[in-house]
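*Asks:* Have a look at this one.
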Amino acid sequence: MKKYNVLGNKDTRSGFGDGLLEAGKRNPNVVALCADLTESVKMTAFKEEFPDRFVQVGIAESNMVSIAAGMALSGKVAYIGTFAAFATGRVYDQIRQSVAYSNTNVKICGSHAGITLGEDGATHQILEDIGLMKMIPNMVVINPCDYNQTKQATIAISEHNGPVYLRFGRPKVPIFISEDTPFEIGKAIVLNEGKDVTIIATGHLVWEAIVAGEKLAEQGIDAEIINIHTIKPLDTEAILRSVNKTGCVVSCEEHQYNGGLNDSVSQLLSRNNPKPIEYIGIDDKFGESGKPEDLMVKYGLKSENIISAVHKAIKRK
């Protein structure tokens, strides 16, 4: 098992903020809009550097999406930032009609996603956002794993022509992706090559997959670990190549089973090469208020849960 060193701990929302600033420096057409959460979603640096390219819309998320679509149609690369619950669920109609149907160059950036939002509770811990966005035609869906990858993704989407949903979070998580690791939309990263089981993970669960892989290696199980930072378009070639080799898969995400990465992987395998698959995720439940780490344990999103799922998958081969 390849050894990954922790380069520090930092929230992925800070990766978005730093990436947005860099994207703004590289492209004068990059503009940013926020719905009264500038500091929370780390857009302050962009606001201070480019005040004439920043719009504080206020608590009017639907209006923000419509304004961003109009700016995109005039040639701008429009980033909109708010909590993921508001960036997707509250404004679904505007995203579908004004952004995706019109194929406008709007980047929907959802912070504070998933159960790890913690104490804010179920109303803000959106666990359905990937599914909501994935099902919309023309939409790219990206869920990076740490600070560095979130920064890289934020810069990369400025060069993609079309709508994107970028998902990230509030808690500090280990940084293990190096700054110079290439980021390509739609191309998975194989973190460890193995022969016994494929572990596919996205977002915060990528680190848990690495920890699980180290423990599995001590048990004599050689796990192939794949970082799926882009859920749509899915890197089907990388997944099928790996599963054809290992014969079983465990798919891991901080999201509902239905509609997320697990759903996409299951569809891919059922159409091409059915193999045993086990899920790590949320099984048709809302979240609740609590400390992020405690919630990860309660909802079965830790490395120990991945290890258990691996043993089940291998037994089903």
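The values are calculated or read from the model by the stated rules, or taken from the named source; none is laboratory data. Because the structure is a prediction, the values reported are computed rather than measured. Neighbour counts are summed over all protein chains in view; Cβ atoms, including those assigned to glycine, are modelled from backbone coordinates with ideal geometry.
*Asks:* Given the options V173, V190, name the one that is hydrophobic (A, V, I, L, M, F, W, C), modelled with pLDDT of 95 or more, touching a strand residue (DSSP E or B) at 6+ places or on another chain (Cβ under 7 Å) and more than 24 Å from T38 (Cα to Cα). Spell out the reasoning first.
*Replies:* On the way: V173 fails: more than 24 Å from T38 (Cα to Cα).
Result: V190 is the single residue among V173, V190 that is hydrophobic (A, V, I, L, M, F, W, C), modelled with pLDDT of 95 or more, touching a strand residue (DSSP E or B) at 6+ places or on another chain (Cβ under 7 Å) and more than 24 Å from T38 (Cα to Cα).
*Asks:* Taking F168, is it modelled with pLDDT of 95 or more and touching a Gly at 6+ places or on another chain (Cβ under 8 Å)?
*Replies:* Details: modelled with pLDDT of 95 or more: yes; touching a Gly at 6+ places or on another chain (Cβ under 8 Å): yes.
Taking the combined requirement at face value, the residue satisfies it.
*Asks:* With the checklist (1) over 13 Å from Q152 (Cβ atoms); (2) among the hydroxyl-bearing types (S, T, Y); (3) at pLDDT 95 or above in hand, flag the one item T12 doesn't pass.
*Replies:* So T12 meets the others, but not (1).
*Asks:* Continuing with this model, one more query. Report whether or not V55 is β-branched (V, I, T), assigned to a helix (DSSP H, G or I), more than 23 Å from Q256 (Cα to Cα) and not assigned by TED's automatic domain parsing to the domain that holds N262. Reasoning before the result, please.
*Replies:* Working: β-branched (V, I, T): yes; assigned to a helix (DSSP H, G or I): no; more than 23 Å from Q256 (Cα to Cα): yes; not assigned by TED's automatic domain parsing to the domain that holds N262: yes.
The answer is no for V55.
*Asks:* Restricting attention to the range 88-95, does a residue exist that is surrounded by fewer than 24 Cβ atoms within 10 Å (Cβ to Cβ), basic (K, R) and part of a loop (DSSP other than H, G, I, E, B)? Walk me through it before giving the result.
*Replies:* Initially, the range 88-95 is screened for residues surrounded by fewer than 24 Cβ atoms within 10 Å (Cβ to Cβ), giving 89-94.
So of that shortlist, the ones also basic (K, R) come out as 90.
Then keep just the ones that are part of a loop (DSSP other than H, G, I, E, B); that gives 90.
Taking every residue of the range 88-95 in turn, at least one turns out to be surrounded by fewer than 24 Cβ atoms within 10 Å (Cβ to Cβ), basic (K, R) and part of a loop (DSSP other than H, G, I, E, B).
*Asks:* Can G81 be described as at positive phi and among the small types (G, A, S)? First the steps, then the outcome.
*Replies:* Working: at positive phi: no; among the small types (G, A, S): yes.
Judged against the criteria, G81 is not a match.
*Asks:* Before we move on, is A223 touching a residue at least 60 places away in the same chain (Cβ under 8 Å) and in contact with a strand residue (DSSP E or B) (Cβ under 8 Å, 6 or more places away or on another chain)?
*Replies:* Yes; evaluated as a whole, the condition is true for this residue.
*Asks:* Still on this structure, please answer the following. State yes or no: is N9 more than 28 Å from P174 (Cβ to Cβ) and surrounded by fewer than 20 Cβ atoms within 10 Å (Cβ to Cβ)?
*Replies:* Against the criterion (more than 28 Å from P174 (Cβ to Cβ) and surrounded by fewer than 20 Cβ atoms within 10 Å (Cβ to Cβ)), N9 does not qualify.
*Asks:* What single numbered condition from (1) at pLDDT 95 or above; (2) surrounded by fewer than 21 Cβ atoms within 10 Å (Cβ to Cβ) fails to hold for G17?
*Replies:* Here G17 clears every test but (2).
*Asks:* Oh, and also: Read through the list (1) without any contact (Cβ under 8 Å) to a residue 40 or more places away in the chain; (2) among the β-branched types (V, I, T); (3) over 18 Å from G260 (Cα atoms), then give the number of the only condition that I175 fails.
*Replies:* Exception for I175: condition (1).
*Asks:* Sticking with this structure for a sec: Report whether or not M71 is aliphatic (A, V, I, L, M) and not assigned by TED's automatic domain parsing to the domain that holds Y147. Before the answer, list the steps.
*Replies:* On the way: aliphatic (A, V, I, L, M): yes; not assigned by TED's automatic domain parsing to the domain that holds Y147: no.
Considered against the rule, which asks whether it is aliphatic (A, V, I, L, M) and not assigned by TED's automatic domain parsing to the domain that holds Y147, M71 comes out as no.
*Asks:* Only residues in the range 42-66 that are more than 23 Å from Y92 (Cβ to Cβ) count as the first member; pair them with residues that are assigned to a helix (DSSP H, G or I) and of a type in the set (G, A, S), Cβ under 7 angstrom, at least 6 apart or cross-chain, and list the lot.
*Replies:* If the second residue must be assigned to a helix (DSSP H, G or I) and of a type in the set (G, A, S), the pairs left are K42/S14; K42/G17; A45/G17; F46/G24; E49/G24; F50/G24; R53/G24.
*Asks:* When the residues of the range 225-265 are narrowed to those that are small (G, A, S) and closer than 16 Å to D283 by Cα, which ends up surrounded by the fewest Cβ atoms within 10 Å (Cβ to Cβ)?
*Replies:* Once the filter is applied, the top-ranked residue is G259.
*Asks:* Let me ask something else. Out of the residues in the range 135-156 that are free of Cβ contacts under 8 Å to residues at least 60 places away in the same chain and among the aliphatic types (A, V, I, L, M), state the one that is nearest to Q267 (Cα to Cα).
*Replies:* Only one residue fits best here, namely I136.
*Asks:* E39 - would you say it is among the acidic types (D, E), at pLDDT 95 or above, touching a Leu at 6+ places or on another chain (Cβ under 9 Å) and farther than 17 Å from A156 by Cα?
*Replies:* no
*Asks:* For the range 243-298, which positions are touching a residue at least 60 places away in the same chain (Cβ under 8 Å), aliphatic (A, V, I, L, M) and more than 19 Å from V211 (Cβ to Cβ)?
*Replies:* V265, I282
*Asks:* Let me ask another. Taking the criterion of being surrounded by 24 or more Cβ atoms within 10 Å (Cβ to Cβ) and within 17 Å of E254 (Cα to Cα), would at least one residue in the range 210-218 satisfy it?
*Replies:* Checking the range 210-218: at least one residue is surrounded by 24 or more Cβ atoms within 10 Å (Cβ to Cβ) and within 17 Å of E254 (Cα to Cα).
*Asks:* Applying the selection to the range 271-317, what residues are exposed (fewer than 15 other Cβ atoms within 10 Å of the Cβ), farther than 18 Å from V173 by Cα and hydrophobic (A, V, I, L, M, F, W, C)?
*Replies:* Answer for the range 271-317, where residues must be exposed (fewer than 15 other Cβ atoms within 10 Å of the Cβ), farther than 18 Å from V173 by Cα and hydrophobic (A, V, I, L, M, F, W, C): just F286.
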